[in-house]
Amino acid sequence: MAWDPLTWGLTSPLIILVVLGLCICFCCRCCFQSKRLPSFMPPVAATSIPPAAATAMPRVAAAPATPAPVARRPVVCERCQNNFIAEGPATLCRFSCPRCGTVLQTTLASTPAVGDAVLSAEGSRPARQSSPPDARIETPAVALPEYWTRNSEDARAQSETVVVSPDVRETIQALFEGTWSNVRTRDRAGSEKVSKLEVVQVLRNQNVKLWARYQQKRQALATSLSQGVEFQPYETRTRRFAQQHDGAGRLLASKQLWEGANEFLLFHGSCPSAMDSICEGNFKESFAGAAGLYGPGFYFAEACSKADEYSSDDKEGIYKGLYAMLVCRVTCGACLYNSEVRPDTESLLKKVAPRGPYHSVLGDREKARGTYREFVVYDKDQVYPEYVVLYRRATA
C-alpha cells in the first residue's frame with residue numbers, strides 16, 4: 001500500500017496516545033508492585049501472651065520493655081485468685097495468669113508479703129492490700145482448691161468464709177450421724193444425754209495464707225516419710241463412712257486427701273465466738289492442750305461425738321444457744337501409735353518432731369478404755385480448718 005501523507009497525519013496522533021497510555025500503565029504497575037510484600041511472605045498474625053501451664057506455683061517470666069534488674073514476688077490473680085510466682089525486671093511487666101490466661105501487669109519492684117500484691121487485669125492499676133506482719137512466707141505460694149468460690153465482691157479478699165451448698169450441708173449432717181457414738185467420757189460436762197447433733201449452718205473457710213502454709217507443710221512431711229521411720233497408713237471413721245455414703249464419698253474425693261501422708265478429715269470442738277479467730281489465724285499454741293494425755297498439742301477426733309464433748313455454746317449474741325465444731329484437714333504423716341492406759345507423755349514427746357522422727361500421735365483410747373481414738377499434732381501448720389459447723393444438740 002502506498003504511503004499517504006494525509007492518512008498518516010490523521011492516524012499518528014492516535015498511535016502516539018495509545019503508546020503513551022501503555023507507558024503510563026506500565027509505570028504505575030511497577031510503582032504499585034514495589035510497595036507490596038512478596039507473594040511468598042505470609043501476613044504476620046497479632047501475637048498474644050499465651051497462658052502458662054496450669055501447675056502448682058509455676059514461675060512466669062515477665063516480658064520487660066527495657067533491661068532491668070531481675071526481681072521475683074508472689075502474686076494473686078484478681079480474676080481467678082490463683083497464687084503464683086512472677087519473675088522479671090523491676091519495672092512494669094505484662095504476663096499471663098497460669099490458670100485462667102488473663103493478661104496481667106504489675107511492677108516487680110520487691111518481694112512483699114503474700115496478699116500484698118494482687119494483680120489486676122491489663123489496663124488497670126495494680127491493687128494493694130495490707131497483710132499482717134506474720135504473713136510472709138519464704139517458699140512460693142500454691143494453687144488454690146478448685147471448689148473454692150467467691151462470696152465477697154472484693155476479689156482481693158485473702159480470707160473469707162462462704163456458706164456451702166445445701167448438698168454439702170446435708171453431707172456434713174450425714175458425717176455427723178455416721179461417726180456418732182453414744183459412748184460418753186469424763187470430758188463431757190453436765191448431765192444431759194446428747195443423742196444427736198443437728199446441723200444449722202456450714203461455712204467453708206477460704207484462707208489463702210493458711211492454705212499455702214498447710215500445703216507446704218504437707219509436702220514437707222510427705223517428702224520426709226521416705227527418709228524417716230517406716231510409714232504406717234491408718235484408716236479413720238470418716239473415710240470408712242465415705243466408702244458407704246455417696247455424698248460423703250464425693251466430698252472426700254473432692255478434697256484429694258493424701259493417703260500416703262495420712263491426711264484425714266477430722267473433727268475439733270470449739271465455740272461459735274472462737275471460729276473467726278481460728279479461721280483467720282489458725283490454732284494458737286498458747287491454747288494447745290497442755291494438760292492433755294499426750295502433751296501440749298492440737299487434738300482431733302474421728303468421731304463427732306468425741307469432738308462435741310469439747311464444744312460449748314455462746315451465751316449471748318447472734319449464735320446464742322448454738323454449738324460449733326470444725327471439720328479440719330489434718331496431715332498426720334508418720335503416726336506414733338500408743339494404746340497404753342497411762343502413756344508416758346515425756347517419752348512420747350521425745351519421739352515426735354522436732355525431737356524425733358514421728359509427726360503425730362495416734363492415741364488409741366478405744367483399745368485402752370473402750371472410748372475413742374484421738375489424733376494429736378504439735379505443729380499448727382499440719383492443720384487446715386476447712387469447715388465451720390454450727391449445730392444444736394438433741395437430747396434423749
Residues that are within 22 Å of Tyr387 (Cα to Cα) and open to solvent by less than 30 Å² (accessible area, probe 1.4 Å), drawn from region 216-225:
Arg218
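Can you tell me which residue is nearest to Met275 (Cα to Cα) among those in region 316-331 that are in contact with a Lys or Arg (Cβ under 8 Å, 6 or more places away or on another chain) and open to solvent by less than 10 Å² (accessible area, probe 1.4 Å)? Full working, then the answer.
To start, the set of residues in region 316-331 that are in contact with a Lys or Arg (Cβ under 8 Å, 6 or more places away or on another chain) comprises 321-323, 329, 331.
If we keep only those that are open to solvent by less than 10 Å² (accessible area, probe 1.4 Å) as well, we get 329, 331.
Details: Arg329: 16, Thr331: 21 Å.
So, considering only residues that are in contact with a Lys or Arg (Cβ under 8 Å, 6 or more places away or on another chain) and open to solvent by less than 10 Å² (accessible area, probe 1.4 Å), the one nearest to Met275 (Cα to Cα) is Arg329.
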Candidate set: region 221-236, residues that are assigned to a helix (DSSP H, G or I) and not small (Gly, Ala, Ser); chosen: the one modelled with the highest pLDDT:
Leu221
Can you say whether Ala334 is without any contact (Cβ under 8 Å) to a residue 40 or more places away in the chain and either open to solvent by less than 30 Å² (accessible area, probe 1.4 Å) or in contact with a His (Cβ under 8 Å, 6 or more places away or on another chain) (or both), as far as the supplied structure shows?
no
What pairs come up if the first residue lies in region 228-239 and is more than 15 Å from Leu336 (Cα to Cα), the second is modelled with pLDDT of 95 or more and of a type outside the set (D, E, K, R), and their beta carbons are under 6 Å apart, counting only those six or more places apart or on different chains?
Thr236/Phe264; Arg237/Thr179; Arg237/Ala303; Thr238/Leu265
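Touching a residue at least 40 places away in the same chain (Cβ under 8 Å), out of contact with any Cys (no Cβ under 8 Å at 6 or more places or on another chain) and open to solvent by 40 Å² or more (accessible area, probe 1.4 Å): is that true of Val183 in this structure?
It is true that Val183 is touching a residue at least 40 places away in the same chain (Cβ under 8 Å), out of contact with any Cys (no Cβ under 8 Å at 6 or more places or on another chain) and open to solvent by 40 Å² or more (accessible area, probe 1.4 Å).
Look at Val202 and say whether it is of a type in the set (A, V, I, L, M) and under 19 Å from Ala303 (Cα atoms).
Working: of a type in the set (A, V, I, L, M): yes; under 19 Å from Ala303 (Cα atoms): yes.
Answer is yes for this residue.
Which residue, of Glu366, Glu374, is within 22 Å of Asp187 (Cβ to Cβ) and without any contact (Cβ under 8 Å) to a residue 40 or more places away in the chain?
Values: Glu374 fails: without any contact (Cβ under 8 Å) to a residue 40 or more places away in the chain.
When all the criteria are applied, what remains is Glu366.
The values are calculated or read from the model by the stated rules, or taken from the named source; none is laboratory data. What you are looking at is a predicted structure, and each value in this text was computed from that prediction instead of being measured. Cβ atoms come from the backbone with ideal geometry, glycine included; neighbour counts cover every protein chain shown. With ligands, DNA and RNA removed, areas are computed over all heavy atoms of the protein, side chains included. Shrake-Rupley method; radii C 1.70, N 1.55, O 1.52, S 1.80 Å.
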